[in-house]
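Comments concern the structure below.
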Amino acid sequence: MNQIPSKSGLKPEAESHAEAAHSDAVLGMFAPSLYADHVKVYPRAVSGYFRNIKWGVLILCLALYYIGPWIRWDRGPNAPDQALLLDMEGRRGYFFWIEIWPQEIYYITGLLILGAVALFLATALFGRIWCGYTCPQTVWTDLFMLVERWIEGDRNARMKLDKQPLSLAKAWRKIAKHTVWLLIAAATGGAWIMYFQDAPTVTREMLTGQAGMGTYFFFGLFTGTTYLLAGWAREQVCTYMCPWPRFQAAMQDEHTLAVTYQGWRGETRGSHKAGQSWEGRGDCVDCRACVNVCPTGIDIRDGQQLECIGCGLCIDACDDIMAKVDRPLRLIDFVSMENLERRPKKQPQIVKLIRSRTVIYSVMLVVVAAVMAAALLLRSDVELNVLHDRAPLFVTLSDGSLRNGYTVKVLNKRRETVQYRLSLDGQPMAGLFLGGERDAGLQKELVLDVEPDSVGEFRLFVRMPREAIKGASMDVELVLRDAATGRKATSYDTKFNGPN
């Protein structure tokens with residue numbers, strides 16, 4: 001059957017696709033897009049109380065980060081002298097006088113729990129103080145913006161420069177800025193590598209081209225991520241990438257101090273000229289100074305928002321304007337929602353630091369810290385691990401006695417060779433011998449020499465008369481004693497298997 005040609009001359013299928021595309025195009029002209037284009041933020045420089053605190057915290061954090069790997073700590077011969085070191089090759093973690101072995105990874109877990117609970121407590125008390133002052137993204141972004149202002153100028157100068165066509169003056173400013181950014185990023189990536197390798201050694205190897213490919217890879221990785229996140233992404237990391245803003249409100253309540261615009265005092269806003277009366281209007285002169293200094297580009301007058309990092313720079317900017325127009329300071333303030341309702345009514349201000357959630361967080365913090373401290377103080381310098389042979393579970397010897405095999409690992413955390421004595425307590429009829437020795441050389445105790453700062457592995461065989469076995473298996477205890485002092489170092493409970 002012949003098809004009737006369409007008016008457009010296209011096949012019916014092609015015509016239907018064309019009509020759909022045309023409809024989508026027409027709809028797109030009138031329907032708003034689901035995604036807004038990114039608007040570059042140009043924060044203006046500001047000075048004041050909170051800006052000075054941020055400078056102090058920035059200097060402290062950067063100093064600790066860059067200087068940390070170079071701090072020395074004497075641990076004796078054959079031990080690294082770097083105070084802060086995560087030695088991947090040697091499988092050790094060093095934090096001044098504390099040495100963490102792979103078997104003690106739970107200490108890292110404890111530190112993460114401490115950090116999380118401390119963050120919950122700080123958020124419950126002071127809102128997003130972590131985000132505004134000590135978050136690495138905030139610290140390095142502040143540093144990168146400082147460099148940007150030095151080279152390209154403040155807000156208006158940078159906006160004007162970006163709108164200008166490419167010229168020699170614009171090119172050299174952009175090149176200079178990105179060069180300094182890359183140098184800072186390289187120093188950041190290099191310092192990170194130094195926490196995993198000896199700082200002087202890895203610095204010399206990297207500069208002379210003798211470092212391994214893994215070292216150069218991670219150096220490049222952290223250099224690139226620092227450059228991209230602090231130089232280009234900036235506020236987008238806080239808004240889109242970081243999960244903390246999504247659930248930090250769950251840690252806050254009506255008594256949490258947060259950066260807040262006091263609308264009861266600022267509205268109705270509008271421009272103001274010298275000599276005009278303030279009657280019938282608010283203190284806000286709609287100068288947008290708070291918006292222009294915000295590192296995430298929001299208007300705090302719209303209320304608390306996900307993008308607000310609680311840095312308080314808008315407070316400094318607003319205070320500067322209030323001083324110029326001779327109005328009371330702190331139109332924008334660190335204030336709780338409870339006090340925000342009390343201020344218009346001239347009621348006394350309430351600072352309630354002790355409340356249910358802060359008490360819970362504080363107790364959790366103290367408990368976890370106490371458990372970790374106790375574990376560090378009471379931990380032994382030796383560990384014993386015993387693994388029973390899976391096949392065969394036991395061997396019946398020619399005289400009718402039974403023999404079980406074990407793999408014994410002794411972890412010696414000392415910096416010297418230690419001699420231990422291994423015995424099977426509570427089993428007077430048992431005999432022990434090590435793999436490679438003659439079965440006839442049964443002993444009640446075995447001498448084990450373990451090298452310093454290492455794990456000694458031994459093949460152990462235990463032999464018992466059949467009549468000494470109770471049931472298919474029975475519990476036995478292997479005890480490790482210090483040969484020099486005779487004191488019990490540690491023990492391990494295991495099984496001795498027999499026939500049903």
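The values are calculated or read from the model by the stated rules, or taken from the named source; none is laboratory data. These numbers come from a predicted model, not from an experiment. Note that each Cβ is placed from the backbone with ideal geometry, even for glycine, and that neighbours are counted across all protein chains shown. For the accessible areas, the whole protein counts, side chains as well, though only heavy atoms, and no ligand, DNA or RNA atoms are used. Shrake-Rupley method; radii C 1.70, N 1.55, O 1.52, S 1.80 Å.
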**Request:** Could you tell me which of TYR133, LEU182, ILE113 has its Cα farthest along the dipole of the chain towards the positive end, charges placed at Cβ (Lys, Arg +1; Asp, Glu -1), taken about the Cα centre?
**Result:** TYR133
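For region 237-393, with only Lys/Arg (+1) and Asp/Glu (-1) charged at the beta-carbon, what is the dipole magnitude about the Cα centre, in debye rounded to 20?
Working: 19 positive and 19 negative charges, 95 e Å.
Its charge dipole is roughly 460 debye.
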**Complete:** So, relative contact order of the chain in percent, Cα under 8 Å, 6 or more apart, is 12
**Complete:** When the charge dipole of the chain is computed with +1 on Lys and Arg Cβ and -1 on Asp and Glu Cβ about the Cα centre, the Cα farthest towards its positive end, among LEU60, ALA374, THR225, belongs to LEU60
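I'd like the Kirkwood hydrodynamic radius of region 407-500, using the inverse of the mean 1/r over distinct C-alpha pairs, in Å. Don't jump to the answer; show the numbers that get you there.
Values: mean 1/r = 0.0708 Å⁻¹.
Kirkwood radius, region 407-500: 14.1 Å.
I'd like the FRET efficiency for GLN210 and LEU329, computed as 1/(1 + (r/R0)^6) with the beta carbon distance as r and R0 of 51 Å, rounded to 0.05. Spell out each step's value before the answer.
Details: r = 58 Å, r/R0 = 1.14.
It comes out at approximately 0.30.
Hey, could you grab the Kirkwood Rh for region 255-381? Inverse mean 1/r over distinct alpha carbon pairs, Å, one decimal. Before the final figure, lay out each step's value.
On the way: mean 1/r = 0.0576 Å⁻¹.
The answer is 17.4 Å.
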**Request:** Would you mind listing how long region 161-317 runs along its three principal axes, going by Cα atoms, in whole Å with the largest first?
**Result:** 74, 49, 25
**Request:** Provide the convex hull volume over Cα atoms per residue for region 22-174, in Å³.
**Result:** 291
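First obtain the Kirkwood hydrodynamic radius of region 317-356 from its Cα pairs, then insert it into the Stokes-Einstein equation at 10 °C and 1.306 mPa s, and state the resulting D in µm² per second as a whole number.
Reported coefficient: 135 µm²/s.
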**Request:** Mind ranking ASP37, ASP453 by accessible surface for me, highest first, 1.4 Å probe?
**Result:** ASP37, ASP453
**Residues of type lysines that LYS170 reaches as a straight line, Cα spacing below 24 Å, ignoring anything fewer than 8 places off in the same chain** = LYS40, LYS160
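Quick check on the chain: helices-only [θ] at 222 nm, where DSSP H runs of length 4 and up contribute -39,500 (n - 2.57) each and the sum goes over total residues. Nearest 500, please. Show your work: numbers first, answer last.
Details: 14 runs with 190 residues, N = 500.
Counting only the DSSP helices, I get -12000 deg cm²/dmol.
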**Request:** Quick one: which residues, 5+ away or cross-chain, put their amide H under 5 Å from the amide H of ARG92? H built at 1.01 Å from N.
**Result:** ASP87
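Do any trypsin sites (Lys or Arg not before Pro) in region 290-344 lie in a loop, going by DSSP, with at most 16 other beta-carbon atoms within 10 Å of their beta carbon, and if so which? Please list the in-between numbers first.
Working: sites: ARG301, LYS324, ARG330, ARG342; in loops: ARG330.
Those satisfying the criteria are ARG330.
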**Prompt:** If we sort 464-476, 249-261 on the protection proxy, mean other Cβ atoms within 10 Å, highest first, what's the order?
**Reply:** 249-261, 464-476
**Request:** Could you run the Debye sum over the Cα atoms of region 227-276, one equal point scatterer each and no solvent, and tell me log10 of I(q)/I(0) at q = 0.19, 0.20, 0.30 Å⁻¹, two decimals?
**Result:** -0.84, -0.85, -1.10
**Prompt:** Between region 145-190 and region 316-390, what is the C-alpha centre distance in whole Å?
**Reply:** 37
**Prompt:** Given 10 °C and 1.306 mPa s, how large is the Stokes-Einstein diffusion coefficient of region 345-444 in µm²/s, with Rh as the Kirkwood radius over Cα pairs?
**Reply:** 81
**Item:** Selection from CYS242, TRP172, GLN252, by position along the positive dipole direction of the chain (Cβ)
**Value:** TRP172
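Dividing the alpha-carbon Rg of region 402-457 by 2.2 N^0.38 Å yields what?
Working: Rg = 12.6 Å, N = 56, 2.2 N^0.38 = 10.2 Å.
For region 402-457, the normalised Cα radius of gyration comes out at 1.24.
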**Message:** From zero outward in steps of 5 Å, how is the percent of C-alpha pairs of region 454-500 spread across the bins?
**Reply:** 5, 15, 21, 22, 16, 11, 7, 3, 0
**Complete:** Here the cysteines of the chain without any disulfide-compatible Cβ partner under 4.7 Å are CYS61, CYS131, CYS135, CYS238, CYS242, CYS284, CYS287, CYS294, CYS308, CYS311, CYS318
